[in-house]
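Enquirer: Here you go, one structure.
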Amino acid sequence: MKKRSVSRAISRHRKTYEFQLPYFKQGDDLGHFLREGLSPTEALLANAENLRGAAAMCEELAKRLQGITVKIDADTHTIRVTGPVAKLRALAEGEDALLQVPLEERAGWS
């Protein structure tokens, strides 16, 4: 019994958020710019700018997570960051939010 209550206490103080980068798949993303009518050179430059933006987001999140113990799970389409609610909530609020509440929570699935 004691183990279960400890587990619940930990889960109340930790939360998982999504870290969404502005790209999907390398070919799809470049293809998006080509389908918009950009020339190959323009599409490559637009794609490079998109990737620079994603890199900047990774650098900013790394900077803001310093000193916070988190777990990151990453798979094909999702990056999830789990850590203390009190610390991560600030990264998920405001106009400069880097993290998002998972879609299933936003949709009321959980």
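Each value in this text was obtained by applying a stated rule to the coordinates, not by laboratory testing. In this text, all values refer to a predicted model and were calculated from it rather than measured experimentally. In this analysis, Cβ positions are derived from the backbone assuming ideal geometry, glycine residues included, and neighbour counts consider all displayed protein chains.
Enquirer: What percent do you get for the relative contact order of the chain when only Cα pairs under 8 Å and 6+ apart count?
Expert: Taking the mean separation of contacting Cα pairs over the length of the chain, I get 38 percent.
Enquirer: About its Cα centre, how strong a charge dipole does region 2-106 have in debye, to the nearest 20, once Lys and Arg get +1 and Asp and Glu get -1 at the Cβ? Intermediate values should be presented prior to the final figure.
Expert: Values: 17 positive and 15 negative charges, 252 e Å.
Computed charge dipole of region 2-106: roughly 1220 debye.
Enquirer: Tell me, what HN-Hα J-couplings in whole Hz come from the Karplus equation 6.51 cos²θ - 1.76 cosθ + 1.60 at θ = phi - 60° for each residue of region 36-51, using x for Gly and Pro?
Expert: 3J(HN,Hα) across region 36-51, in whole Hz: 6, x, 6, 5, x, 5, 5, 5, 4, 5, 5, 5, 4, 5, 4, 5.
Enquirer: Oh, and also: Which of the chymotrypsin sites (Phe, Trp or Tyr not before Pro) found in region 7-61 are in a DSSP loop and have at most 13 neighbouring Cβ atoms, other than their own, within 10 Å?
Expert: Here the chymotrypsin sites (Phe, Trp or Tyr not before Pro) that fit, given the DSSP loop and packing criteria, are PHE24.
Enquirer: What per residue convex hull volume, in Å³, comes out for the chain when only alpha-carbon positions are used?
Expert: That works out to 131 Å³ per residue.
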